[in-house]
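Heads up, the thing below is written out as structure tokens.
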Protein chains: 4
Amino acid sequence: MELGLIGLGKMGGNMRERIRRAGHTVIGYDRNPDVADVHSLKELVDSLQGPRVVWVMVPAGAATQSTIDELGELLSPGDLVIDGGNSRWTDDEKHADQLAGKGIGFVDCGVSGGVWGLANGYALMYGGKAEDIAKAQPIFDALKPEGDSGAVHAGRVGAGHFAKMVHNGIEYAMMQAYAEGWELLEAVDSVTDVREVFRSWKSGTVIRSWLLDLAVDALDKDEHLHGLRGYADDSGEGRWTVEAAIDNAVPLPAITASLFARFASRQDDSPQMKMIAALRNEFGGHAVTAAE
Amino acid sequence: MELGLIGLGKMGGNMRERIRRAGHTVIGYDRNPDVADVHSLKELVDSLQGPRVVWVMVPAGAATQSTIDELGELLSPGDLVIDGGNSRWTDDEKHADQLAGKGIGFVDCGVSGGVWGLANGYALMYGGKAEDIAKAQPIFDALKPEGDSGAVHAGRVGAGHFAKMVHNGIEYAMMQAYAEGWELLEAVDSVTDVREVFRSWKSGTVIRSWLLDLAVDALDKDEHLHGLRGYADDSGEGRWTVEAAIDNAVPLPAITASLFARFASRQDDSPQMKMIAALRNEFGGHAVTAAE
Amino acid sequence: MELGLIGLGKMGGNMRERIRRAGHTVIGYDRNPDVADVHSLKELVDSLQGPRVVWVMVPAGAATQSTIDELGELLSPGDLVIDGGNSRWTDDEKHADQLAGKGIGFVDCGVSGGVWGLANGYALMYGGKAEDIAKAQPIFDALKPEGDSGAVHAGRVGAGHFAKMVHNGIEYAMMQAYAEGWELLEAVDSVTDVREVFRSWKSGTVIRSWLLDLAVDALDKDEHLHGLRGYADDSGEGRWTVEAAIDNAVPLPAITASLFARFASRQDDSPQMKMIAALRNEFGGHAVTAAE
Amino acid sequence: MELGLIGLGKMGGNMRERIRRAGHTVIGYDRNPDVADVHSLKELVDSLQGPRVVWVMVPAGAATQSTIDELGELLSPGDLVIDGGNSRWTDDEKHADQLAGKGIGFVDCGVSGGVWGLANGYALMYGGKAEDIAKAQPIFDALKPEGDSGAVHAGRVGAGHFAKMVHNGIEYAMMQAYAEGWELLEAVDSVTDVREVFRSWKSGTVIRSWLLDLAVDALDKDEHLHGLRGYADDSGEGRWTVEAAIDNAVPLPAITASLFARFASRQDDSPQMKMIAALRNEFGGHAVTAAE
């Protein structure tokens, strides 16, 4: 089938390639003319035969909003927009309503796969009406990994991004789990080969996983990670997961601890621990350490 | 080679079978005569040719201690004891010293594998002197899974149990990660098929793992886990992980949160939340709920 | 001076009384005619001489919004609206802008005091322009406790509710601190008189506080809190505190743990712990407990 | 009455002074001859009339153990030893048993008061037999603050140190509560006067406390705590509190989070966050920050 793809960055570019390898036609647009097949959204839309399917793969927030606004003007009733970016699930219903007013369908799709997706396939979680999803099914089939799993119709509009967001929240806590264990093993004298302990866990253990494999890969490059700073960004989806939990009164202690550990990792000095130090000094005369 | 194996419960019985399948001779002793090959520790020791290798697979604590005490009386210089149970790493050095006084070697070995070990192999983490480990290497090779990983000489005496303990701590937090994500997905209306979301994650995602596969198996049996109570025991190793972290001033927020969630799961009513309710009533006149 | 007061519930009614005791004129409106001085917002506004000061003390959200909408129609340029309810700080700027378009001033004011405020005074945290705050200063002075502290101009519009929200977040964690300590003391045999331990802490300790005094009052009524369920609501401000922390990448582990403990206290059974139980059964054959 | 006091450091020296001001005789021993009244434990014991009461106020662990060992040799049946140091509660029963074998009584006493105790009195929590506590009651009365509270017979031997330990655990979480709130207030632009917000909370709020007063004192010296590093030691009792919670399967999320925040504050770089950074790079190609 024919797909319009907007956004050809690290993710979008590889996705175009994987879809083409499956035999489909992809017309890609990007603000960067070096990678784009067409030079404007209008040209993209004009070059597709109706009913059109257009996949939006641009940064969440303003860029996605303006793309959807513009597509609302350019597309025709019966066409379909898929938001495959990292939009917050709460935006999806707004986008669906906005486009529904013009007879245009909408599907949200969370995509996991990172730099490995081109070769291994992209895990897809999508939300929307069954008839809209049916229109895009060949593309989903091209993108997903081989085998029975790797793609799911998670529910109504918004469910795709919600499921992907929760995936990332789980990812935060799994990474934190390995990281805590690694630090503890490194902290004791008796364990002399932490990297090989991690490698041994790849078979037969309860905690074997793809993330564990990656941890071993990282340790093979730098056994004690001496070359790295303990500094971790967060991409928004961990934050949204905690916010969704608060909205639903669901306790998420491990995921939230993992998010907070990232926040703390980015502080040169901890304001709250300054207050702890100040209080200890006030009541107990405990020594404080001067700021440099 | 020839091995004496003490303790033929759920784990030990299957381990005997797996070692025998690899062509070794195993003489097993258990207090339960129905499963035992010999009827006393003395008979076990007498039936092995020196230098002997004896694997202890009994409950941690008093049972392990009394077995090691007895073996110290029965074995000869040059023999080797392997503690493959779930002993706390701090016991290992004591046991090693106790046996070293009699010229008997000691290796501690953490074993992971549960009900899957017979078929798939047992992941092994062992600690001790290289020469002692060499004596048991054929047994380790028989027990471990196929392939390059699944067994490690983690370090000095105690390092095996320490590594296994940290494995379990990581396991706690990974399970908690999936469990938190599952509860959040179940809590929202838009996601209509949580089980299939979990299944989809088995391929192409960052969070694919053996534990995820098991989660899908569990959901296939009982889609919303309606048949279960949210009640989880803990086996000791999660507690020891947190204690080891405290000893080493290593922060373990996610693993500890996972342990505490289990503690809370076993309380019919939360004493601390009674105090919260009482305080809210005192300062704000907020309604309280009477105990039933 | 003269004040219009909208909302005469548990808080508003007592505040009217305290302001009157200080010699000011308060005209109160409430939907409940039994407590109201006037029968409509219009009558309230008409009965005040300009420039008017009107204090809104109604539930946050829709009730506050519709009151401010209506006041925007009824009031005149130069008048002032104070929102003393529990509005989210993000609403304040919207309300200020809405009223500024009509020449009406706006101040937000967080109020703490609960059932104790009438006698002891209400702690006030307000945000807005200095000239607007000056108009209401006699009312603030009447409401606040005796002495040097108890009221603050915290900053710009929104700062009052933000400061009050953080106050409540701190309150959550302080209550949790005492509650955790109480549960631990109750759990051990050696401490035979936990209530008296709490009472002893009222003097000379680092942890003496008004909340501690209230805890002792509660234990004097019910030594082991046997009459209460461990069930705690949350009023929204704890949630907003965590959301504000996420917006600002500030780690709040203790406050968030306190919020999550309340969420968990309201669950009859924990979905996430069902998943933990299910996973333990899958990999280890551990017994599960059937739901009743 | 007459008291032997061993250990005349920051705490012990001031306690000697407070007891003397109450009209009692105190003979103090310290390894530092500049502050000691006698030059050996033997001289101390010889200078007291039987039945003697000896208060040990030396560092927990080896120093306390060796003092108790020596007193066991020097004292006579019917004498009483009080351990007023920061011993772990698990040591108390051992010490009591050790001395009971010689007919010597034992009371453990947790002491709170820090640099403020001389003027305001020391909060005391003691454990032991009623008849032993009666022997020391005049000393407890001299040390404690004025008024009805400030001292408690908490229970059996060990209960005093246990109660003091829990006091410190609560203290950790209360300090953390204020510190988190302070950091959040400092993080937002709208709140322009965080110090005055804190000061305002001293009256009429739910969170007023002595620790809050100290926080204001600290902010009066250094409004944004720019002069301090966010580095906080821990004295052992927070760790023991968490260990006691683990022993008793009591969840302590806020207290434990507070302890872990201190651990993290002392790390120049976080090993676990290096692992997080490494994993993000492996699966997503996310940029990492090189160590300096």
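Structural remarks
- Restricted to the range D:54-68, and to residues there that are outside any strand (DSSP E or B) and either among the aliphatic types (A, V, I, L, M) or in contact with a Cys (Cβ under 7 Å, 6 or more places away or on another chain) (or both), the residue that is farthest from residue D:10 (Cα to Cα) is D:68.
- Entry remark, the range C:245-267: residues being buried (at least 18 other Cβ atoms within 10 Å of the Cβ) and touching a Lys or Arg at 6+ places or on another chain (Cβ under 9 Å) number 4 in total.
- Within the range B:24-42, restricting attention to residues that are without any contact (Cβ under 8 Å) to a residue 24 or more places away in the chain and either charged (D, E, K, R) or in a loop (DSSP other than H, G, I, E, B) (or both), the residue that is nearest to residue B:139 (Cα to Cα) is B:37.
- Under the condition of being of a type outside the set (A, V, I, L, M) and either free of Cβ contacts under 8 Å to residues at least 24 places away in the same chain or crowded, with 19+ Cβ neighbours inside 10 Å (or both), the residues counted in the range C:1-20 number 8.
- Within the range D:208-232, being in contact (Cβ under 8 Å) with a residue 12 or more places away in the chain and closer than 30 Å to residue B:276 by Cβ holds for D:209, D:211, D:212, D:215, D:216, D:219, D:230, D:232.
- Checking each residue in the range C:268-292 for being buried (at least 18 other Cβ atoms within 10 Å of the Cβ) and part of a loop (DSSP other than H, G, I, E, B) picks out C:270, C:288.
- Residue identified as more than 8 Å from chain D (Cβ to nearest Cβ) and either within 20 Å of the chain's Cα centre (by Cα) or not hydrophobic (A, V, I, L, M, F, W, C) (or both) among A:254, A:232: A:254
- Matching residues, the range D:224-267, being assigned to a loop (DSSP other than H, G, I, E, B) and within 15 Å of residue A:290 (Cα to Cα): D:224, D:225, D:226, D:227, D:229, D:230, D:231, D:232, D:233, D:266
- From the options C:234, C:141, residue that is surrounded by fewer than 24 Cβ atoms within 10 Å (Cβ to Cβ) and modelled with pLDDT under 95: C:234
- Within the range B:117-136, one or more residues are at positive phi and more than 7 Å from chain A (Cβ to nearest Cβ).
- Only listed residue being surrounded by 24 or more Cβ atoms within 10 Å (Cβ to Cβ), more than 7 Å from chain C (Cβ to nearest Cβ), within 24 Å of residue D:65 (Cβ to Cβ) and not small (Gly, Ala, Ser), chosen from D:157, D:166: D:157
- Residue within the range B:266-281 that is out of contact with any strand residue (DSSP E or B) (no Cβ under 8 Å at 6 or more places or on another chain) and either facing chain A (nearest Cβ under 9 Å) or on the phi > 0 side of the Ramachandran plot (or both) present: no
- Every residue from the range B:69-86 that is in a loop (DSSP other than H, G, I, E, B) and surrounded by 16 or more Cβ atoms within 10 Å (Cβ to Cβ): B:75, B:79, B:84, B:85, B:86
- Verdict on residue A:56 being within 28 Å of residue A:94 (Cα to Cα) and within 25 Å of the chain's Cα centre (by Cα): yes
- Condition met for residue A:208 (at the interface with chain B (Cβ under 7 Å from one of its Cβ atoms), surrounded by fewer than 24 Cβ atoms within 10 Å (Cβ to Cβ) and within 23 Å of residue B:121 (Cβ to Cβ)): yes
- Residue match in the range B:146-156 (condition: farther than 30 Å from residue B:21 by Cα and of a type in the set (Val, Ile, Thr)): no
- Against the test of being surrounded by 24 or more Cβ atoms within 10 Å (Cβ to Cβ) and within 14 Å of chain B (Cβ to nearest Cβ), the options A:216, A:194, A:188 yield a single qualifying residue, A:194.
- Test: residue in the range A:43-57 that is touching a residue at least 60 places away in the same chain (Cβ under 8 Å) and under 21 Å from residue A:125 (Cα atoms): yes
- Flag not set for residue B:224, criterion: modelled with pLDDT of 95 or more, within 8 Å of chain A (Cβ to nearest Cβ) and either out of contact with any Ser or Thr (no Cβ under 9 Å at 6 or more places or on another chain) or under 27 Å from residue B:100 (Cβ atoms) (or both).
- In this structure, residue D:117 qualifies as within 17 Å of the chain's Cα centre (by Cα) and among the small types (Gly, Ala, Ser).
- Failed item, numbered, when residue A:239 is tested on (1) within 18 Å of the chain's Cα centre (by Cα); (2) modelled with pLDDT under 95: (2)
- Close contacts from the range B:137-160, counting a first residue that is at positive phi and in contact (Cβ under 8 Å) with a residue 60 or more places away in the chain and a second that is hydrophobic (A, V, I, L, M, F, W, C) and buried (at least 24 other Cβ atoms within 10 Å of the Cβ), with Cβ to Cβ under 6 Å and a gap of 6+ residues or different chains, come to B:158/B:89.
- Across the range B:115-130, the number of residues qualifying as surrounded by fewer than 24 Cβ atoms within 10 Å (Cβ to Cβ) and touching a residue at least 40 places away in the same chain (Cβ under 8 Å) comes to 4.
The values are calculated or read from the model by the stated rules, or taken from the named source; none is laboratory data. Fair warning: this is a prediction, and the values are worked out from it, not measured in the lab. Glycine gets a Cβ as well: all are built from the backbone with ideal geometry, and neighbour counts include every protein chain shown.
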